[in-house]
Amino acid sequence: MKDVFEVLEELYKKVLHGATLENDNQDYILYLNPAISDQDGSTATSSGCLNTLGDGGQHPPVPVNLSSVSAAPVCSRSRACEVLLLQLTVVRVMVTRALALETESRAKETYREIIKILLESSDFESKLTSMFQNGDKLLSHVATKCLGSLLYFQLKEKITLSNFWIAFCQKNLSEYPESDKVIYCLWTLTVVIKEIFKDSCSQKTDILTQFLAPLDSSFEVFYHSLFSQHSGNLQDTSEKINGLICFLELLELLIASRIHLESDFACQRMLFLKPSHVLNIITWPIPAFVKRKLVTFLKRCLLWKVGEDLCRGPVPALLPPGRLDGDLLALADAVLQAVDLGFLRTLSVQGRPSCFGGGPVQPGCPDPVTLRAGSLLLIRSLEVRCQHCASAKEMKVDLQRFMSELLTFVKPDLRPPVQSHHPCAWLPRVFIEQDDDMLEAAKASLGIYLKLSGACKATESLTQEKEMLNHHSHENGYNPHCIFLFFLKNIGFDSKVLLDFLISSETCFLEYFVRYLKLLHKDWDEFFTLCRYLDVTESNDSLDVRGCISLLGPDRSSSRADSGPLAALGHPRSAQAGVSWAPDAVSEPPTQVMTSPRTPAAPHAHSLPPPQVPQSLVDYDSSEDSDVDSTDLCLAESKQTSSQQKVTKKIQDTVRTSEGKKELCPELPLRPAVPKGCPAPPLSADDDITDNSVCDVGMAYRTVTCFGELQGAIDRLQKKNLFPYNPTALLKLLKQIEATRSTSGNPL
């Protein structure tokens, strides 16, 4: 005689391997359909340990009320729960095998018939929902997963969803907070939408439409009910905290489905129509991890990256279509309004927070994840606001106000403090441990600068406006040249790191780098002057401010009265923005970093015919109109390159083997090296701006050298057909920088 549990174990093993089932389908239904009922609030279940079956499996288990099992030994009750868990697990695996392409057709058809028979039972779904509030948390979880899989099976097989399930969801969503089953409803909905995302079929949008249509209005009612509660209601119960977390996850899935599956329901726009509802959560008495989840969720929404990790295959559009721009602006405006009301100050940790896998968080400061997410949330909101603002004056006012809030927010977390100060150093310091967020923040800062620069060009006094823009960007920490230079300092001006970023699709570095090179091509003189200033501040902690002012020319210092280092680059900061900042403290002085540059090797002889050139991504011309379009196309195609990850290791091996023979572009001459051990001579205020004694080891020289090494590495990889996309246009930009450097009034 075989125990029910043993029979289910054998069935599980067969289904797991996709084997064909020999017995009649009705026999399996008897084993898989749980016999449960509600009596006086207690749940009844089939007790597998009290029933035995013959080898033929002809005698079904007899339903046994759980009240009778409760009087039995504890092992009997536990055995009954194990049988129930195994039943639900077999059903889930059977659904997966029935929808899998690799399952043999005969076995797949058998599985489908068994599942359809189960669904035709009028009480099967009600049995699953009755398990939601079972005292066994594992049973509740597995029941939710099982119901979600069955709902997805119905959608995939074009079976009309049962009225019971639709009524169950509508009732619990609409009756919140009185309903105590809403969290299980949210879990099930989340399971179904995740299954839709994971499927590789082309009918995802149709499936999602069939699923969301009957629940659209109920979602909106629940959204308003959840976020219009009085915050004090959350102090005494964890169920509402769990419901809040579950709904934030579901809300992200709904937004992601709108972006990637191009469906359009009101429930997918709830966040953008009423963003203040979600932002008000920060003021509630909720744990820090909930605030962290909220801020990271909003960050992904503003970056238009929600659901990116759920999509299989190429990611769709990198930027929101025009019809979604208004929603993005509404969210950005709501974030900035919340910042005005103290949003960033509410992210600080109160008391002694717990920490896992990292250092302790100081009370009154946000944890590193929240710090980065909050900073990127604000800088991205500013970028969106600026893109929809035509007035340069209005943009400057917004930037000064909100960047002051941001700098105040991040200042306590910047450790260790150093002597010299520069507001733009905040960005690489805050994001140094998170590459993708760092480059998103740098790209947003660059977008703000370019938009403001374009607005300034419409004025009559272009030169004066340009100078004022540079001063404003330095004072408020968003100057793109400073940010890029501090980024290069943090990676040691290592061209191999830039190469790694270029061949990886995990960050937006390609898009950011292309846009910055275009700006650098136009602003070489400003970049060179800034490098001179940073060289002085780096080599002399007790900086003579008058020397810095002289470095930038008498016309820029005639009206300066400030005694801080920023007087050389901008107007005195207002009292509201009076925050001290410092560049990276761990960077080495120039005499230690650039001691003996390598002598360029002779160019390789082109004895072999060049490999076939792959199709170019896009030609990065220098026109302003093509700035956004070309970089977007470039990034989209580079992310969709299927061979990219396969050749990464081979590229790195090639770079390592070529390190001994590294060469720069033939057009890039190297200056004489500073002898090892000899300190660079100090720079005085009367030195000529082309004095090679500082430039040869300064930031401008090291940047151009890094670009030259990067260009040489890309050239070598392109000749071996190892680069994941055609870099011809990128090389063209790098050569334009070298040509600009050579022909400018400030060559190295």
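The values are calculated or read from the model by the stated rules, or taken from the named source; none is laboratory data. None of the values given here were measured: they were computed from a predicted structure. Glycine also receives a Cβ, built like all others from the backbone with ideal geometry; neighbour counts cover every protein chain displayed.
Summary table
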| item | result |
| --- | --- |
| Cβ pairs under 7 Å, 6+ apart, first in the range 300-314 and crowded, with 16+ Cβ neighbours inside 10 Å, second of a type outside the set (Asp, Glu) and modelled with pLDDT under 75 | Trp304/Leu319; Trp304/Pro320 |
| Residues within the range 134-151 that are in contact (Cβ under 8 Å) with a residue 24 or more places away in the chain and surrounded by fewer than 15 Cβ atoms within 10 Å (Cβ to Cβ), tallied | 1 |
| Of all residues making up the range 422-451, the number that are within 19 Å of Glu506 (Cα to Cα) and not in a helix (DSSP H, G or I) | 3 |
| Sole exception among (1) modelled with pLDDT of 90 or more; (2) buried (at least 17 other Cβ atoms within 10 Å of the Cβ) for Lys158, by number | (2) |
| Filtered residue count, the range 717-743, keeping only those that are within 18 Å of Thr703 (Cβ to Cβ) and not acidic (Asp, Glu) | 12 |
| Meets criteria (modelled with pLDDT of 90 or more and small (Gly, Ala, Ser)) for Ser461 | no |
| Which listed residue, of Val497, Val430, is modelled with pLDDT of 90 or more, β-branched (Val, Ile, Thr) and surrounded by fewer than 23 Cβ atoms within 10 Å (Cβ to Cβ) | Val497 |
| Options Leu147, Leu118, Leu101, Leu128: the member that is assigned to a loop (DSSP other than H, G, I, E, B) and aliphatic (A, V, I, L, M) | Leu101 |
| Failed condition for Gln154, given (1) without any contact (Cβ under 8 Å) to a residue 40 or more places away in the chain; (2) assigned to a helix (DSSP H, G or I); (3) more than 20 Å from Ala256 (Cα to Cα); (4) not assigned by TED's automatic domain parsing to the domain that holds Gly135 | (4) |
| Residue, nearest to Ser744 (Cα to Cα), within the range 690-724, restricted to residues that are modelled with pLDDT of 90 or more and part of a loop (DSSP other than H, G, I, E, B) | Phe723 |
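Yes/no per residue for (1) surrounded by fewer than 20 Cβ atoms within 10 Å (Cβ to Cβ); (2) at pLDDT 90 or above; (3) of a type in the set (S, T, N, Q); (4) in contact with a helix residue (DSSP H, G or I) (Cβ under 8 Å, 6 or more places away or on another chain):
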{"position": "Ser202", "(1), (2), (3), (4)": "yes, no, yes, no"}
{"position": "Gln210", "(1), (2), (3), (4)": "yes, yes, yes, yes"}
{"position": "His230", "(1), (2), (3), (4)": "yes, no, no, no"}
{"position": "Asn233", "(1), (2), (3), (4)": "yes, no, yes, yes"}
{"position": "Asp236", "(1), (2), (3), (4)": "yes, no, no, no"}
{"position": "Ile241", "(1), (2), (3), (4)": "yes, no, no, yes"}
{"position": "Leu251", "(1), (2), (3), (4)": "no, yes, no, yes"}
{"position": "Asp264", "(1), (2), (3), (4)": "yes, no, no, yes"}
{"position": "Gln268", "(1), (2), (3), (4)": "no, yes, yes, yes"}
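To keep it simple, each residue is scored yes or no on (1) at pLDDT 90 or above; (2) closer than 16 Å to Cys386 by Cβ.
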{"position": "Pro423", "(1), (2)": "no, no"}
{"position": "Lys443", "(1), (2)": "yes, yes"}
{"position": "Ile448", "(1), (2)": "yes, yes"}
{"position": "Ser453", "(1), (2)": "no, yes"}
{"position": "Cys456", "(1), (2)": "no, yes"}
{"position": "Asn479", "(1), (2)": "yes, yes"}
{"position": "Cys482", "(1), (2)": "yes, no"}
{"position": "Leu485", "(1), (2)": "yes, no"}
{"position": "Leu488", "(1), (2)": "yes, no"}
